[in-house]
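Read the structure below first, then the notes.
The values are calculated or read from the model by the stated rules, or taken from the named source; none is laboratory data. Please read all numbers here as calculations on a predicted model, not as lab measurements. Cβ atoms come from the backbone with ideal geometry, glycine included; neighbour counts cover every protein chain shown. Keep in mind that these areas ignore ligands, DNA and RNA; they rest on the heavy atoms of the full protein, side chains included. Shrake-Rupley method; radii C 1.70, N 1.55, O 1.52, S 1.80 Å.
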Amino acid sequence: RAIGQETIILENQECRFSPDIAITYDAAIFESKAKDALTMPQGDLRRLEPLASAIELYGGDYLADIAVDWAAERRDALSELFINVARAYADELMGLTRYAETRDILNKALKIEPLRDDLHQRMLVCLHKMGRRHEVVNHYLKYCDLYRTELGLPPAPEMQTLYSRLI
(Lines give C-alpha, C1' and ligand atoms only; values in the text may rest on other atoms or scores of the structure.)
Protein backbone atom coordinates (compact mmCIF):
# COMPACT_ATOMS: atom_id res chain seq x y z
CA ARG A 1 0.00 0.00 0.00
CA ALA A 2 2.82 2.38 0.81
CA ILE A 3 4.28 1.79 -2.64
CA GLY A 4 0.97 2.59 -4.25
CA GLN A 5 0.24 -0.80 -5.72
CA GLU A 6 -0.22 -4.33 -4.56
CA THR A 7 3.23 -5.88 -4.21
CA ILE A 8 2.52 -8.96 -2.09
CA ILE A 9 -0.22 -11.41 -2.96
CA LEU A 10 -1.52 -13.95 -0.47
CA GLU A 11 -3.02 -16.91 -2.27
CA ASN A 12 -3.59 -20.47 -1.02
CA GLN A 13 -1.58 -19.80 2.15
CA GLU A 14 1.36 -18.65 0.04
CA CYS A 15 2.88 -15.19 -0.12
CA ARG A 16 4.49 -14.09 -3.36
CA PHE A 17 5.34 -10.92 -5.20
CA SER A 18 2.83 -9.63 -7.68
CA PRO A 19 3.73 -10.50 -11.27
CA ASP A 20 3.11 -6.84 -12.12
CA ILE A 21 6.19 -5.83 -10.11
CA ALA A 22 9.55 -5.96 -11.85
CA ILE A 23 12.10 -7.15 -9.30
CA THR A 24 15.75 -7.70 -10.08
CA TYR A 25 18.21 -9.25 -7.69
CA ASP A 26 21.76 -10.50 -7.91
CA ALA A 27 20.98 -14.22 -8.06
CA ALA A 28 18.52 -13.75 -10.94
CA ILE A 29 20.99 -11.60 -12.87
CA PHE A 30 23.74 -14.18 -12.32
CA GLU A 31 21.45 -17.00 -13.41
CA SER A 32 20.37 -15.20 -16.57
CA LYS A 33 23.91 -14.23 -17.61
CA ALA A 34 25.28 -17.68 -16.78
CA LYS A 35 22.64 -19.49 -18.81
CA ASP A 36 23.12 -17.12 -21.74
CA ALA A 37 26.89 -17.64 -21.65
CA LEU A 38 26.56 -21.42 -21.51
CA THR A 39 24.33 -21.47 -24.59
CA MET A 40 27.00 -19.77 -26.69
CA PRO A 41 29.14 -22.11 -28.83
CA GLN A 42 32.28 -23.45 -27.23
CA GLY A 43 35.37 -21.82 -28.73
CA ASP A 44 33.53 -18.62 -29.66
CA LEU A 45 35.68 -15.77 -28.35
CA ARG A 46 32.55 -13.71 -27.71
CA ARG A 47 31.76 -16.24 -24.98
CA LEU A 48 34.65 -15.13 -22.76
CA GLU A 49 33.14 -11.86 -21.56
CA PRO A 50 29.73 -13.31 -20.60
CA LEU A 51 31.40 -16.20 -18.77
CA ALA A 52 33.72 -13.83 -16.91
CA SER A 53 30.79 -11.55 -16.10
CA ALA A 54 28.76 -14.44 -14.69
CA ILE A 55 31.73 -15.55 -12.57
CA GLU A 56 32.03 -12.04 -11.13
CA LEU A 57 28.30 -11.87 -10.40
CA TYR A 58 28.27 -15.03 -8.30
CA GLY A 59 28.29 -13.82 -4.72
CA GLY A 60 28.57 -17.16 -2.97
CA ASP A 61 25.92 -19.37 -1.43
CA TYR A 62 22.38 -18.13 -2.00
CA LEU A 63 20.82 -17.01 1.30
CA ALA A 64 23.46 -18.94 3.21
CA ASP A 65 22.11 -17.82 6.56
CA ILE A 66 18.60 -19.21 5.95
CA ALA A 67 18.10 -22.90 6.75
CA VAL A 68 14.89 -23.73 4.87
CA ASP A 69 14.36 -26.33 2.18
CA TRP A 70 13.36 -23.94 -0.59
CA ALA A 71 16.51 -21.86 -0.05
CA ALA A 72 18.71 -24.97 0.05
CA GLU A 73 17.33 -26.23 -3.25
CA ARG A 74 17.88 -22.85 -4.91
CA ARG A 75 21.33 -22.58 -3.30
CA ASP A 76 22.35 -25.94 -4.74
CA ALA A 77 21.02 -25.07 -8.20
CA LEU A 78 22.88 -21.76 -8.31
CA SER A 79 26.05 -23.37 -6.98
CA GLU A 80 25.88 -26.05 -9.68
CA LEU A 81 25.32 -23.36 -12.31
CA PHE A 82 28.40 -21.51 -11.05
CA ILE A 83 30.47 -24.69 -11.29
CA ASN A 84 29.28 -25.23 -14.87
CA VAL A 85 30.19 -21.64 -15.77
CA ALA A 86 33.59 -21.92 -14.06
CA ARG A 87 34.33 -25.18 -15.85
CA ALA A 88 33.34 -23.71 -19.23
CA TYR A 89 35.36 -20.56 -18.59
CA ALA A 90 38.39 -22.59 -17.49
CA ASP A 91 38.15 -24.65 -20.68
CA GLU A 92 37.98 -21.51 -22.82
CA LEU A 93 40.94 -19.92 -21.02
CA MET A 94 42.96 -23.12 -21.24
CA GLY A 95 42.34 -23.22 -24.99
CA LEU A 96 43.82 -19.73 -25.20
CA THR A 97 46.83 -20.77 -23.05
CA ARG A 98 45.79 -18.34 -20.30
CA TYR A 99 46.83 -20.78 -17.62
CA ALA A 100 47.24 -18.44 -14.65
CA GLU A 101 43.65 -17.23 -15.07
CA THR A 102 42.50 -20.81 -15.53
CA ARG A 103 44.14 -21.78 -12.24
CA ASP A 104 42.42 -18.88 -10.44
CA ILE A 105 38.98 -19.85 -11.77
CA LEU A 106 39.50 -23.50 -10.87
CA ASN A 107 40.58 -22.53 -7.36
CA LYS A 108 37.34 -20.56 -6.92
CA ALA A 109 35.30 -23.51 -8.13
CA LEU A 110 37.17 -26.00 -5.94
CA LYS A 111 36.45 -23.90 -2.86
CA ILE A 112 32.76 -24.42 -3.57
CA GLU A 113 32.92 -28.05 -4.73
CA PRO A 114 36.15 -29.58 -3.39
CA LEU A 115 35.21 -33.16 -4.34
CA ARG A 116 34.63 -32.62 -8.07
CA ASP A 117 37.02 -34.83 -10.02
CA ASP A 118 36.45 -32.90 -13.26
CA LEU A 119 37.73 -29.71 -11.61
CA HIS A 120 40.75 -31.48 -10.14
CA GLN A 121 41.55 -33.02 -13.53
CA ARG A 122 41.46 -29.61 -15.16
CA MET A 123 43.67 -28.21 -12.41
CA LEU A 124 46.28 -30.94 -12.87
CA VAL A 125 46.36 -30.36 -16.63
CA CYS A 126 46.55 -26.60 -16.14
CA LEU A 127 49.45 -26.85 -13.69
CA HIS A 128 51.21 -29.28 -16.03
CA LYS A 129 50.84 -26.88 -18.98
CA MET A 130 52.26 -24.11 -16.80
CA GLY A 131 55.33 -26.29 -16.26
CA ARG A 132 54.66 -26.51 -12.53
CA ARG A 133 55.47 -30.16 -11.95
CA HIS A 134 55.88 -29.69 -8.19
CA GLU A 135 52.43 -28.05 -8.03
CA VAL A 136 50.97 -30.99 -9.96
CA VAL A 137 52.41 -33.33 -7.34
CA ASN A 138 51.22 -31.14 -4.44
CA HIS A 139 47.73 -30.77 -5.85
CA TYR A 140 47.40 -34.48 -6.49
CA LEU A 141 48.57 -35.34 -2.97
CA LYS A 142 46.07 -32.88 -1.47
CA TYR A 143 43.35 -34.38 -3.68
CA CYS A 144 44.26 -37.91 -2.45
CA ASP A 145 44.25 -36.76 1.16
CA LEU A 146 40.88 -35.04 0.71
CA TYR A 147 39.32 -38.17 -0.79
CA ARG A 148 40.75 -40.36 1.94
CA THR A 149 39.64 -37.98 4.71
CA GLU A 150 36.19 -37.04 3.39
CA LEU A 151 35.13 -40.22 1.62
CA GLY A 152 37.45 -42.91 2.90
CA LEU A 153 38.35 -43.73 -0.69
CA PRO A 154 41.48 -43.85 -2.79
CA PRO A 155 41.69 -41.47 -5.74
CA ALA A 156 39.52 -42.28 -8.74
CA PRO A 157 41.26 -44.49 -11.33
CA GLU A 158 40.94 -41.73 -13.96
CA MET A 159 42.80 -39.35 -11.65
CA GLN A 160 45.54 -41.89 -11.01
CA THR A 161 45.95 -42.43 -14.74
CA LEU A 162 46.00 -38.71 -15.50
CA TYR A 163 48.52 -38.06 -12.74
CA SER A 164 50.80 -40.85 -13.97
CA ARG A 165 50.61 -39.51 -17.53
CA LEU A 166 51.40 -35.94 -16.44
CA ILE A 167 54.28 -36.96 -14.18
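The table below gives the values:
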item	result
Overall form of segment 45-167 per C-alpha gyration tensor (a/c, 1.5; a/b vs b/c)	oblate
21 Å Cα-Cα reach of Lys35 towards lysines, excluding residues that sit fewer than 8 places from it in its own chain	Lys108
Efficiency of FRET between Glu80 and Thr149 - r from beta-carbon atoms, R0 22 angstrom, step 0.05	0.40
Probe 1.4 Å - accessible area at His120, Å² to nearest ten	10 Å²
The chain, helix-only ellipticity at 222 nm - DSSP H runs n ≥ 4, -39,500 (n - 2.57), divided by all residues, nearest 500	-21000 deg cm²/dmol
Shape category assigned to segment 74-113 from the gyration tensor of Cα positions, a/c cut at 1.5	oblate
Farthest toward positive dipole pole in the chain [+1 Lys/Arg, -1 Asp/Glu at C-beta], among Tyr58, Gly131, Ala77	Gly131
With every protein chain in place, the chain: carbon and sulfur % of accessible area (1.4 Å)	51 percent
Stretchable slack from Ala100 to Ser18, in nm (0.36 nm times residue separation minus alpha-carbon distance)	24.9 nm
